[in-house]
Amino acid sequence: MNFPAFADIARRIADGAVPATHYAAQALARIRTRDPGQCYTAITQERALAEALVSGAAQAAGSDLPLAGVPYAVKNLFDIAGLPTLAGAHLREQQPPAQADAEVIRRLQAAGAVLTGAVNMDENAYGFTTENTWYGTCRNPHDPSRLAGGSSGGSAVAVADGMVPLALGSDTNGSVRVPSSLCGIFGLKPTFGRLPRNGSFPFVHSLDHVGLMTTRVADLATAYDVLQGPCEDDPYCARRPAEPVAAALQAAPARPLRVAVLGGYFQAWANDEARRAVDMAAHVLNATDTVTLAQAELARAAAFVITAAEGGNLHRATLARHYQDYEPRSRDRLVAGSLVPASWVEQAQRLRRRFHAQVLTLLQHYDVLLAPATPTSAPLIGTTAVPLNDHFVPTAQAMGLLTQPISFIGLPVCVAPIWPGLGATAHLPLGVQLIAAPWREDLCLNAARQLEQAGIAMVRQAA
């Protein structure tokens with residue numbers, strides 16, 4: 001189902017063209033029809049309809065709520081008042097329900113958005129496939145025999161399958177960008193610290209980002225503007241004032257963007273369809289330069305070390321008490337991570353600082369860096385390894401090959417869905433990453449908007 005643009009939803013409700021509950025009811029009906037129980041882990045039907053009535057009344061009274069009546073879903077690591085915060089873990093089902101909503105949910109509600117429920121994810125956000133032992137595997141809406149990606153797989157499926165036009169996820173090593181790429185939607189991982197994380201279950205404190213997914217770039221910018229800004233209750237949230245981007249995005253760019261393609265590592269670990277997706281985007285963006293990040297492969301390795309160590313440390317005490325209650329897919333990696341030597345972590349952090357400086361120097365010459373978001377389109381469910389660069393790489397690890405070096409240094413990235421149309425996977429999307437300097441979400445969104453206007457980047461609704 002295609003939802004109108006957010007601005008159109010708000011206007012139609014304000015004008016009385018549709019009832020306040022119209023889009024919420026449509027979303028709930030679509031969820032009941034399309035979800036076999038592997039996407040949503042909780043549906044907040046009564047809350048959705050009540051919130052729709054409240055935002056509709058405010059619009060009718062003259063308020064200007066940018067997200068009035070817009071249905072959305074959240075990854076189930078965000079606190080929702082009255083529900084246990086699962087973070088994809090069976091172990092947390094018996095936890096007391098959250099007493100209050102996460103800060104990002106409060107901000108969306110204040111802007112008039114309507115919460116339809118919580119959606120599936122990899123357990124504890126440690127994965128790239130959303131093959132969850134407890135809550136099922138999220139299937140790709142464009143081909144149910146294939147993976148949706150992760151760890152924010154439920155969020156991506158909810159948007160790509162037309163259940164809601166907006167979803168929140170989290171991105172530590174690529175958990176918004178990977179499923180956005182495989183499911184063919186727009187996704188945004190803002191600068192580290194731009195969006196508040198309080199009221200969300202952590203994975204890696206120094207890498208976790210809140211991210212969002214939509215079907216249009218303008219909607220992505222509108223929701224981002226609602227969410228951004230300081231939060232006194234979150235020590236990781238930047239004190240930097242909000243810098244709205246949606247209004248400026250609607251105007252023609254003052255000058256063409258300076259865009260370069262990331263070569264080397266980012267081409268070596270991409271297959272033919274991923275390279276074609278980049279070529280298609282590069283043509284529209286007039287990206288004639290190819291540049292190399294010399295330490296990208298080391299950056300990915302260092303990101304692995306930091307992820308394993310911080311994640312393992314976070315879960316160490318709980319693992320000691322409830323070892324059998326963790327799914328084996330993530331449990332063994334968390335245990336191993338808890339044993340990583342401190343000297344390794346220190347070396348990884350040193351590389352992080354050097355790599356960050358290298359990329360910032362490059363971004364003094366370019367507005368946006370262009371790279372594939374995933375090395376391939378969506379693999380078949382059950383695939384254990386994918387062929388890349390004359391190697392067979394384990395599927396779960398392969399999906400994050402191209403996102404981890406960028407997460408590692410906290411840059412803003414927008415994923416735009418491309419349809420490279422090659423062979424047996426011609427029906428599948430594959431996203432490109434549009435990477436900008438810190439706090440320059442406007443630039444990566446501008447690049448995505450140009451791809452969208454050119455008809456190269458688009459969301460094709462699943463049947």
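The values are calculated or read from the model by the stated rules, or taken from the named source; none is laboratory data. Note that this is a predicted model, so its numbers are computed, not measured. Positions of Cβ are generated from backbone atoms using ideal geometry, with glycine treated the same way; all protein chains shown enter the neighbour counts. All accessible areas refer to the heavy atoms of the entire protein, side chains included, with ligands and DNA or RNA removed. Shrake-Rupley method; radii C 1.70, N 1.55, O 1.52, S 1.80 Å.
Over the chain, average the accessible area per residue using a 1.4 Å probe and give it in Å², no decimals.
Values: 16740 Å² over 463 residues.
So the chain comes to 36 Å² accessible per residue, rounded to a whole number.
Before anything else, pin down the relative contact order of the range 308-429: Cα pairs under 8 Å, at least 6 apart, normalised by residue count, whole percent. Kindly include the intermediate steps, with their values, before the conclusion.
On the way: 84 pairs, mean separation 22.6, N = 122.
In percent, rounded to a whole number, it is 19.
Multiplying the sequence separation of Asp8 and Arg258 by 0.36 nm and subtracting their Cα-Cα distance, what value in nm do you get?
Numbers: separation 250, 0.36 × 250 = 90.00 nm, distance 3.22 nm.
Result: 86.8 nm gained on full extension.
Could I get the Rg over Rh figure for the range 157-299? Both from C-alpha atoms, Rh via Kirkwood, rounded to two places. List each step's numbers first, then the result.
Values: Rg = 16.8 Å, Rh = 17.2 Å.
Using only Cα positions, Rg/Rh for the range 157-299 is 0.98.
Suppose the chain between Arg32 and Glu232 were pulled fully straight at 0.36 nm per residue; how much longer would it get relative to their current alpha carbon spacing?
Values: separation 200, 0.36 × 200 = 72.00 nm, distance 3.83 nm.
Roughly 68.2 nm would be gained on extension.
Using +1 on the beta carbon of Lys and Arg, -1 on that of Asp and Glu, and nothing else charged, what's the dipole of the range 308-376 about the Cα centre, debye to 20?
180 debye
For the range 379-390, in order, what is each residue's ³J(HN,Hα) by Karplus, 6.51 cos²θ - 1.76 cosθ + 1.60 with θ = phi - 60°, in whole Hz (x at glycine and Pro)?
Using θ = phi - 60°, the values come out as x, 5, 4, x, 5, 8, 8, 10, x, 8, 6, 6 Hz.
Could you state the per residue volume, in Å³, of the convex hull enclosing the Cα atoms of the range 1-55?
On the way: hull volume 4.6 nm³, N = 55.
Residue-normalised Cα hull volume stands at 83 Å³.
Could you pull out every residue, at least 5 positions away or on a different chain, whose amide H is within less than 5 Å of the one on Thr137? Hs are placed 1.01 Å off N in the peptide plane, and Pro or chain starts have none.
Asn132
Would you list Tyr323, Tyr40 from the most to the least accessible area, probe 1.4 Å? Let's see the in-between values first.
Working: Tyr323 90, Tyr40 15 Å².
From most exposed to least exposed: Tyr323, Tyr40.
Express in Å², to the nearest 10, the accessible area of Met121 obtained by rolling a 1.4 Å probe over the protein heavy atoms while all chains stay in place.
For Met121, solvent-accessible area is about 0 Å².
If the range 95-234 were replaced by its equivalent ellipsoid, with semi-axes equal to the square roots of 5 times the Cα gyration tensor eigenvalues, what would those be, largest first, whole Å? Please report the intermediate quantities before stating the final value.
On the way: eigenvalues 98, 60, 41 Å².
They are 22, 17, 14 Å, listed largest first.
Which of the cysteines found in the chain have nothing to pair with, since no other Cys Cβ lies under 4.7 Å from theirs?
Cys39, Cys138, Cys183
Once phi is turned into θ = phi - 60°, what whole-Hz ³J(HN,Hα) does the Karplus curve with 6.51, -1.76 and 1.60 give for every residue of the range 100-110, x standing for Gly and Pro?
8, 6, 4, 4, 5, 5, 4, 5, 5, 4, 4
Let me check against my output: what whole-number percent is the relative contact order of the chain, with C-alpha pairs under 8 Å and at least 6 apart?
Working: 1124 pairs, mean separation 76.7, N = 463.
Relative contact order comes out at 17 percent.
Quick one: grab the alpha carbon gyration tensor of the range 77-151, order the square roots of its eigenvalues as a ≥ b ≥ c, and give me rounded if a/c is under 1.5, else prolate or oblate depending on whether a/b is larger than b/c.
Numbers: a/c = 2.67, a/b = 1.44, b/c = 1.85.
Here the range 77-151 falls in the oblate category.
Leaving out ligands, DNA and RNA, what percent of the accessible area of the chain is carbon and sulfur, probe 1.4 Å? Spell out each step's value before the answer.
Details: 9050 of 16740 Å².
That fraction is 54 percent.
Taking just the C-alpha trace of the range 243-298, give me its Rg and Dmax in Å.
Rg and Dmax of the range 243-298, Cα atoms, are 14.5, 40 Å.
Seen from all sides and averaged, what is the projected area of the convex hull of the Cα atoms in the range 287-339, in nm²?
Values: hull surface 20.8 nm².
Hull-based average projected area comes out at 5.2 nm².
Taking the inverse of the average 1/r across all pairs of different Cα atoms in the range 1-118, what Kirkwood radius in Å do you get? Walk me through the numbers on the way to the answer.
On the way: mean 1/r = 0.0684 Å⁻¹.
With all distinct Cα pairs of the range 1-118 included, I get 14.6 Å.
Considering only C-alpha atoms, what is the centroid distance from the range 404-451 to the range 24-51, in Å?
With the range 404-451 and the range 24-51 each reduced to a Cα centre, they are spaced 29 Å.
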